[in-house]
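Any read-out appearing in this document is the output of simple, stated calculations on the displayed coordinates, not a laboratory observation. Because the structure is predicted, anything quoted here is derived from the model rather than measured. Here the Cβ positions follow ideal geometry from the backbone for every residue, glycine too, while neighbour counts run over all protein chains shown.
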Amino acid sequence: MGDTIFGKIIRREVPADIVYENDEVLGFRDLNPQAPVHVLFVPKKALPTLDEAGPEDAELLGKVLLAAADYARQQGLAEQGYRTVINCNEHGGQTVFHLHVHLLAGRRMSWPPG
Ligand code: DGP
């Protein structure tokens, strides 16, 4: 796949407000926050979209979600609750083609989404 801005953030070539890191996942604040807390969790191993994930990616996908949940718990966001979102391709609203989980928290979310 081609490189993306998230690849550059992972390699520290572009600055970001990094709030979470483990061996396989990085979490940093979204540049255009949609909630008081809006953090993006990305696998360090790039995968463009959820559509391109295969069985070999199952563990990594789980780790990205668990990282978001871990961060939410650490930050005291879990009890009130939060939303996790993975946008896929055009109709899903994906704009950066390095798979990422949005963690949104700090306000009540509406449903269904627009
Ligand atoms: P999506 O639409 O699901 O592909 O989400 C991409 C998100 O990435 C969007 O909410 C804005 C955010 N974003 C785009 N460029 C940058 C950047 O350079 N730094 C940070 N921190 N976030 C970015």
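Couple of notes before you dig in:
- The charge dipole of the chain, taken about its Cα centre with unit charges on the Cβ of Lys, Arg, Asp and Glu (plus for the first two, minus for the last two), comes to roughly 460 debye.
- Computed over the chain, the quotient of the alpha carbon radius of gyration and 2.2 N^0.38 Å is 1.02.
- Angle in degrees between helix 58-74 and the longest Cα principal axis of the chain, rounded to the nearest 10: 30 degrees
- For the pair GLU24 and THR49 in one chain, pulling the backbone fully straight at 0.36 nm per residue adds 7.3 nm over the alpha carbon distance.
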